[in-house]
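The values are calculated or read from the model by the stated rules, or taken from the named source; none is laboratory data. Everything numeric here is computed off the predicted structure, so don't read it as measured data. Virtual Cβ from ideal backbone geometry, glycine too; neighbours counted across all protein chains shown. In case anyone asks, the SASA skips ligands and DNA or RNA and just uses the protein heavy atoms, side chains included. Shrake-Rupley method; radii C 1.70, N 1.55, O 1.52, S 1.80 Å.
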Amino acid sequence: MKLKFDKYQGAGNDFVIVNNLDGKYNLSGEQIARLCDRRFGIGADGLILVEKSDKADFAMKFYNSDGKTASMCGNGGRCIARYAYDHGIAPETMKFVAEDGLHEAEIIDNENVKLKMIDVDGITIFDDVMWANTGVPHFVKFVDDIDDVDIDLDGCRLADDKRFAPERTNVNFTDNANGFRLRTYERGVEGETLACGTGTVATALCINTKNGTPSPIALKAKGGLLKVYFEKNNNGYENIWLEGPAIKVFEGETDGNE
């Protein structure tokens, strides 16, 4: 069976997106990993299926590049919103369901998309790092200079921290040497990505918890600038929105084994 796909990127975080509204595609984890492989496949940080929903305009099913599912992806959510708008699946202001719940999204202009994230009950503070669940779990570590971080070594070590076994966690490093900067090690990708939406949200909320920086907070990832809006309440954070670029790269067709 031929697999039609589009590739989108959000601040360098790239995704293969497949229209599965009719449910005809049933991809295995091995097939998904192959499609996401940058040497033997299309190449992407993840694959997203657009599926039917009786609660919203559509449903989002997200897979990391290793072929395993994840409950949410912030940049992936913004990209699927752009895809749905581009393909006439949803209007400029839309709702979709992901594994972590219902999300709203808004097409801002030809480049930028704004996505509402789940509420965050609170930030866990450890001696060495902070931690938040923004749809998926994230460590946030403040450093003097993120350019000095060995992202693969330190990111992998913290991702495997026994406090979060067996699920593991994503890891973010941030500094404020020249505005807030961010580097993220993503589990499932098992390496650094050019940006991470849920990681950007987690980092922004931890920055606010640490030093009171008000909303919105802009963070510069390697792939571009992302902005996080939020409201603080007695329990944590609500009305959280992630804004940034979401752009189509190309479209194509494959037999699913590329």
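When the stretch 96-127 is filtered for residues that are farther than 23 Å from CYS79 by Cα and touching a strand residue (DSSP E or B) at 6+ places or on another chain (Cβ under 7 Å), the ones remaining, listed by number, are ILE123, THR124.
Take the residues of the stretch 216-232 that are within 17 Å of ILE118 (Cα to Cα) and open to solvent by 50 Å² or more (accessible area, probe 1.4 Å): which is nearest to the chain's Cα centre (by Cα)? The residue in question is LYS227.
Of the residues that sit in the stretch 48-59 and are without any contact (Cβ under 8 Å) to a residue 40 or more places away in the chain and not acidic (Asp, Glu), which one is nearest to LEU194 (Cα to Cα)? Break it down stepwise before answering.
Initially, the stretch 48-59 is screened for residues without any contact (Cβ under 8 Å) to a residue 40 or more places away in the chain, giving 48-52, 54, 57-59.
From what is left, the residues that are not acidic (Asp, Glu) are 48-50, 52, 58-59.
Details: ILE48: 18, LEU49: 22, VAL50: 23, LYS52: 30, PHE58: 27, ALA59: 25 Å.
Checked the stretch 48-59; the qualifying residue nearest to LEU194 (Cα to Cα) is ILE48.
Among the residues making up the stretch 61-77, those that are in contact (Cβ under 8 Å) with a residue 40 or more places away in the chain, in contact with a Phe, Trp or Tyr (Cβ under 9 Å, 6 or more places away or on another chain) and of a type outside the set (Gly, Ala, Ser) are MET72, CYS73, ASN75. For TYR63, the conditions (1) open to solvent by 20 Å² or more (accessible area, probe 1.4 Å); (2) outside any strand (DSSP E or B); (3) out of contact with any Asp or Glu (no Cβ under 6 Å at 6 or more places or on another chain) all hold with the exception of (2).
Considering only residues in the stretch 105-123 that are open to solvent by 40 Å² or more (accessible area, probe 1.4 Å) and more than 15 Å from the chain's Cα centre (by Cα), the one that is modelled with the lowest pLDDT turns out to be ASP121.
Among the residues of the stretch 19-47, those identified as touching a Lys or Arg at 6+ places or on another chain (Cβ under 7 Å) and without any contact (Cβ under 8 Å) to a residue 40 or more places away in the chain are GLY29, ALA44. From the list TYR185, TYR237, the one residue that fits, being under 18 Å from CYS156 (Cα atoms), touching a helix residue (DSSP H, G or I) at 6+ places or on another chain (Cβ under 8 Å) and open to solvent by less than 40 Å² (accessible area, probe 1.4 Å), is TYR185. Listed by position, the strands (runs of 3 or more DSSP E) contained in the stretch 142-258 that have at least 3 residues being polar (S, T, N, Q) are 170-175.
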